[in-house]
Amino acid sequence: MEYKVLIGGSGGQGVMLLGTMLAIAAINEEREATCLPAYGPEMRGGTANCTVIVSDEPVLTPSPDAVDAVIVMNEPSYSKFVGDVPENGILIVNSSITNNVVEEGVNYEIVKVPCNDIAAELGNVRAANMVAAGAYIQKTGAVSLEACEKTLTDYFGAKKPGVVKSNIDALKAGMDYVK
């Protein structure tokens, strides 16, 4: 099986962490993965996106011709990447801050998740990216929750156990939201 996702947002929204986590989680499951980041002119506040491929077979190029799903964390990313959502694909939208989503006449599934609101309710608005990640893995099964938990624990380590817990809670909340 192969999963290809484009993740877009602004610098500081954790787009690269989300993509990196998905790729490393796949590797933790002994699968193949790539994560190809792209940054705008500024790190924080500028545009940021990445493309992740998770596969059971070797990945021959990190830049696919097309993706299966798109995750957008803000309005500018929606405007820029909505055209990349394929027929019968999935568009996951951070509906907390993306309001002008066109729903009529589309040939793909739109999954609106109030990522910022859910993360704020959990006490960590910076975990909105993990809410989106949870929604994505629940909808696609690209990687397991257990692999993501291990990845976050390894990434943040013992020095930041509170960050690990809040990110895992956000992942689970995103999964629960789209069940």
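Database remark: amide H of Tyr108 closer than 5 angstrom to the amide H of Asn88 (H placed geometrically; neighbours at sequence offset of 5 or more, or on other chains; Pro and chain starts carry no H).
Positive-end ranking of Tyr177, Ala23, Thr153 along the dipole of segment 2-178, with charges on Cβ about the Cα centre, is headed by Thr153. Whole-Hz Karplus values for segment 156-169 come out as 8, x, 5, 6, 10, x, x, 5, 4, 4, 5, 6, 5, 4 Hz, taken residue by residue from phi with 6.51 cos²θ - 1.76 cosθ + 1.60 and θ = phi - 60°; glycine and proline positions read x.
Residue-wise HN-Hα couplings along segment 137-145, as the Karplus relation 6.51 cos²θ - 1.76 cosθ + 1.60 with θ = phi - 60° gives them from phi, are 5, 5, 6, 10, x, 4, 9, 8, 4 Hz; Gly and Pro carry x.
For trypsin sites (Lys or Arg not before Pro), the sites in segment 31-106 that DSSP calls loop and that have at most 11 other Cβ atoms within 10 Å are Arg44. From the Kirkwood radius over Cα pairs of segment 2-178, Stokes-Einstein at 20 °C and 1.002 mPa s returns a whole-number translational diffusion coefficient of 135 µm²/s. Exposed loop positions in the chain were taken to be GluC sites (Glu not before Pro) whose DSSP state is not H, G, I, E or B and which have at most 12 other beta-carbon atoms within 10 angstrom. Between these positions, the longest stretch is 105-179. Legend: calculated FRET efficiency, Ala158 to Tyr108, from the Cβ-Cβ distance at R0 = 35 Å, rounded to 0.05, equals 0.25. Remark: spin-label model distance Lys165-Ser79 equals 4.1 nm, labels positioned 7 Å along the Cα→Cβ axis.
Just so you know, all these numbers are worked out from the coordinates, no wet-lab data involved. Predicted model, so just to flag it, every value in this text is computed and none were measured. Note: ideal-geometry Cβ built from the backbone for every residue, glycine included; neighbour counts use all protein chains shown.
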